[in-house]
Amino acid sequence: MNALDILAKLAESGTPPDRESALGMSVGLEKTIKRFEDETLPFAAEGGAELRFVFAPYGRGKTHLLWALQEVARTKGFVTAYIDCNSGQSPFASAQKTYQIIANNMLPPGQEIGVQAIMGSDAVIHEAILSTGNAGAKQKYYDIYRDARLACDFRNLVAAYGRLVLSGKEREQLGTGLRALLRADSSYPIRVSDIYRDEKWLPRPIGKLVRRNAAAWVRSLSSLPIALGYPGFVLFFDETEQTLSLQAMSRKNRQIHLANLRNLVDHLAIGSFHGCIIYYAVVEELLEIAKRELDALRQRLERVRFVEGIKLRNPRAVWVNLDELTEPTPEEEGFFDELGNRILKIGLAAGLPSNFALEIKKTLEGLSDRYSNSISGGAVREFVKAAASHVAHGVKQNA
């Protein structure tokens, strides 16, 4: 995407159009991104697992953070998955739904993010098997077949599909059926008994996602990338507006959602996930809902306070305010000035003459003063929209 298109997107929505732009505009997040790169990713590569809830008001920049971190993880060779819950997906409605959403959004690191990207758990297996020479591919297949980190029925399914990839037959009818099982694709009816009848070589048992095995399959799927030889898996849930829709659910459905989330937290804590980092972006209301309706979840999320009445800054906490990850924060001097400078830099790349940029810089400084004193939770997004509009207008005037 060229610089003018980036400006247009920023002016329209206040959010970067792609992950690379998000990383370049991450004002105040430099230390957080470096910690993620130097500490979190190596921890996952050693088999560790971590879950973090990042909360902030709507428009503060949660999606921006997730996109920037995804770009870093992808360039480091990690499998990633970004799940936009604003599009109506509710990942914790059931364990089956959680599995299905993750399986369909997994992105191999060799794929550029976009509409043409080849995604899915099958794509992750395919790239892993074929990323080495023939001998290495065969070894990877046998390693998967013996990997105890994966549930047996899931592991056999992965191994069966891997064998088809090795033989170049993954596009035949059996491969289509196994891909449907890997993705839990209900639109493709398949009976495992029929597969066994036609293909005597298949390992047993080969699983099919059902309620009974769904939780184990979620854990296996999240551990699959590191089992396949990738550095690990980083999973991003952008749950901003979906959290608010919890209020509209029936009490029963809301408690199921929260209980599934608590189950995820518990299994991460006891080491059932391997090489998997999960970021979950929410508004603060989620914790308030948990306090009212599922105290067991609230206990797992709420910040431990060693000094009564003092709010501790802890950027490594499970439940963390986005401002604790941002230095300087939008309330501090210099945040909006630096953000304006980065938008102006995009304008210069789009053809804004340097002498005209000085005039726009003065306008952006005025915007910075205004928004740095704003009490609106969406001040960052509104500043980006206003600043990008001014810069884009300047580019067009001098085209």
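No lab work stands behind these numbers, since they all come straight from the coordinates. Model, not experiment: these values are computed from the prediction. With ideal geometry, Cβ positions are generated from the backbone for all residues, glycine too; neighbour counts draw on all protein chains shown.
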_For W319, residues with placed amide H under 5 Å, excluding near neighbours_ = F53
*Per-residue ³J(HN,Hα) for segment 166-179, Karplus 6.51 cos²θ - 1.76 cosθ + 1.60, θ = phi - 60°, Hz, x for Gly and Pro*: 4, 8, x, 10, 5, 8, 7, 4, 5, x, 4, x, 5, 4
*For segment 130-235, what ratio Rg/Rh do Cα atoms give with a Kirkwood hydrodynamic radius?*
0.94
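Relative contact order, percent, of segment 1-91 when contacts are C-alpha pairs under 8 Å separated by at least 6 residues?
Relative contact order, segment 1-91: 30 percent.
Let me check against my output: what whole-number percent is the relative contact order of segment 43-121, with C-alpha pairs under 8 Å and at least 6 apart? Display every interim value, and only then the final one.
Numbers: 60 pairs, mean separation 17.1, N = 79.
With pairs under 8 Å counted, the relative contact order is 22 percent.
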_Calculated [θ] (222 nm, deg cm²/dmol) that DSSP helices of n ≥ 4 give over the chain, each run adding -39,500 (n - 2.57)_ = -16500 deg cm²/dmol
*Give the peptides 265-275, 188-198, 6-16 in descending order of average Cβ contacts within 10 Å, highest first.*
6-16, 265-275, 188-198
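Can you give the extra length, in nm with one decimal, that the chain gains between S193 and A148 once fully stretched, where that is 0.36 nm per residue apart less the Cα-Cα distance?
Details: separation 45, 0.36 × 45 = 16.20 nm, distance 2.46 nm.
Contour length minus the Cα-Cα distance gives 13.7 nm.
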*Divide, for segment 109-191, the radius of gyration over alpha carbons by 2.2 N^0.38 Å, where N is the residue count.*
1.10
*Scan around I278 for amide H atoms under 5 Å from its own, H built in the peptide plane at 1.01 Å from N, and keep only partners 5 or more places away or cross-chain.*
E50, L51, R52, L235
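Where does each of 29-38, 53-62 land if you order them by average Cβ count within 10 Å, highest first? Before the final figure, lay out each step's value.
Details: 29-38: 15.7, 53-62: 21.8.
Per-residue Cβ counts within 10 Å, averaged per peptide and sorted highest first, yield 53-62, 29-38.
Per the Kirkwood formula on distinct C-alpha pairs, the Rh of the chain is how many angstrom?
Working: mean 1/r = 0.0439 Å⁻¹.
Evaluated over the chain, this radius sits at 22.8 Å.
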_Quick check: Cα centre of segment 76-131 to Cα centre of segment 5-49, how many Å?_
18
